[in-house]
Amino acid sequence: MMKRVLIIAAVTALAAAACASPAKYVYEGKWGEFGTGNGQFGIMNSVGLAPNGNVYATDDQHYRVQYFTATGSYLGQWGNMGSGPGEFDMPGDVAVAANGNVYVTDSGNYRIQCFTATGSFLRSWGTKGTGNGQFDYPVGVAIAATGNVYVTEAGNDRVQYFTRTGSYLGKWGSRGSGKGQFRNPGGLTVVSSPRRVYIVDRSNNRIQYFTYAGSFLGMWGGSGTGAGEFNRPGDVAYGPNDTVYVTDTWNHRLQYFTSTGSYWGEMGRYGNGDGDFNVPWSVEITANGARMYVGDTQNSRIQYFKLTNPAVVPESLGKVKALFR
């Protein structure tokens, strides 16, 4: 009986250890360089991932969206400077819905635009202002499993959320440094399990997280270069083992944390080598967690990284469980 108790304890401990390990990524590949051609970028802004594996990227300087295969082969593009359907003034973030539709924050035109997977215009919503459904420099966009669309606004220091077709549903936030307040909010991610919205509060150098309807749940961060501190963070992504990744933009690195903000580690340094960063803004992780993509803004490229410790039961746990047979 005692042997069985000890085995159960060992299995429990190993399972807990497996669940408590961060998702770690190592450099796998890259594409992009400065320029105006296909697959080149001026200001490589944000990255969005489609369910079929394609990668979408906004180019702020050249007023366009480009899209690629999972490893960077060029597929197509759309957009130019202007205010008409499919035109942009400072395209910011990009997010792809489960049905393949592509949502882009058209920041300088104070609106959200929605397209098919190949760039055909579907709809837009928003005008400049402070009212419901209006925007002042929309920055981040993310899509919940419900299909609802969440948008951060740098100018109004708030979050609004909408149906997939742009009908207003709700909002939260105001300017300040208190709980649930923002100063220049940036990227965000909407998590289905647990149901949370993680938001980069850029000028407050912190991450805040909320329920889907905006009830405050927690926050972490602070200004600096140390572990868990930030210098104008840009974006946030949720990965395997409940690991939260944050682009610490002006510290030229990524940091990763538990789902409630306990520091786990960091990756990257200033430079242009493989795995180095120069003002990393955007981070996205595939639905299965196998790859992470980073928009390396001032290096005019996208880098991608592969998961090194998949969330599976370790071999040692299997050996212990075999003792029951």
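Output the peptides 167-175, 139-147 sorted from most to least packed, where packing is the average of other Cβ atoms within 10 Å over each peptide's residues.
139-147, 167-175
Find the lysine pairs in the chain meeting two conditions, Cα atoms under 20 Å apart and a separation of 8 or more places or different chains, and report how many there are.
6
With the other protein chains left in place, how much accessible area per residue, in square angstrom, belongs to the chain at a 1.4 angstrom probe?
Result: 41 Å² per residue.
So how strong a dipole does the stretch 82-209 carry about its Cα centre when Lys and Arg Cβ are +1 and Asp and Glu Cβ are -1, to the nearest 20 debye?
It works out to roughly 480 debye.
By DSSP, what percent of the beta bridges with both residues in the chain are antiparallel, rounded to the nearest 5?
Restricted to the chain, the bridges split so that about 95 percent are antiparallel.
Could you check the spin-label model distance between ALA20 and ASN288? Points 7 Å from the Cα along Cα→Cβ, value in nm.
My value for the distance between the label points is 3.0 nm.
Could you compute the FRET efficiency for TYR74 and THR308, with r as their C-beta to C-beta distance and R0 at 35 Å, rounded to 0.05?
In this case the efficiency is close to 0.80.
Leaving out ligands, DNA and RNA, what percent of the accessible area of the chain is carbon and sulfur, probe 1.4 Å? Provide the component values of the computation, followed by the final result.
On the way: 6740 of 13330 Å².
Reported share for carbon and sulfur atoms: 51 percent.
Once Rg/Rh (Cα atoms, Kirkwood Rh) is worked out from the coordinates, which option in (i) 0.94; (ii) 1.07; (iii) 1.01 does it equal?
(iii)
In nanometres, what is the gap between the two model label sites at SER120 and THR258, each 7 Å from Cα along Cα-to-Cβ?
With each label point 7 Å from Cα toward Cβ, the separation is 4.9 nm.
Work out the length of the dipole vector of the chain about its Cα centre, built from +1 on the beta-carbon of each Lys and Arg and -1 on the beta-carbon of each Asp and Glu, and round it to the nearest 20 debye.
For the chain, the charge dipole is close to 1200 debye.
Starting from the 7 Å offset along Cα-to-Cβ, what nm value, one decimal, do you get for the label separation of THR127 and TYR168?
The modelled label-to-label distance comes out at 1.2 nm.
Net charge near HIS252: determine it from the other residues with C-beta under 10 Å of the C-beta of HIS252, scoring Lys and Arg +1 and Asp and Glu -1.
Cβ neighbours under 10 Å give a net charge of -1.
So how far, in whole Å, is the C-alpha centre of the stretch 131-168 from the one of the stretch 232-268?
Cα centroid to Cα centroid, the span is 23 Å.
Report the net charge of residues surrounding GLU28, where surrounding means a beta-carbon distance below 9 angstrom and charges are Lys +1, Arg +1, Asp -1, Glu -1.
+3
The values are calculated or read from the model by the stated rules, or taken from the named source; none is laboratory data. None of these values were measured; they are calculated from a predicted model. Using ideal geometry, Cβ is built from the backbone for each residue, glycine included, and neighbour counts are taken over all protein chains shown. Protein only, heavy atoms only, side chains kept; ligands, DNA and RNA dropped before computing areas. Shrake-Rupley method; radii C 1.70, N 1.55, O 1.52, S 1.80 Å.
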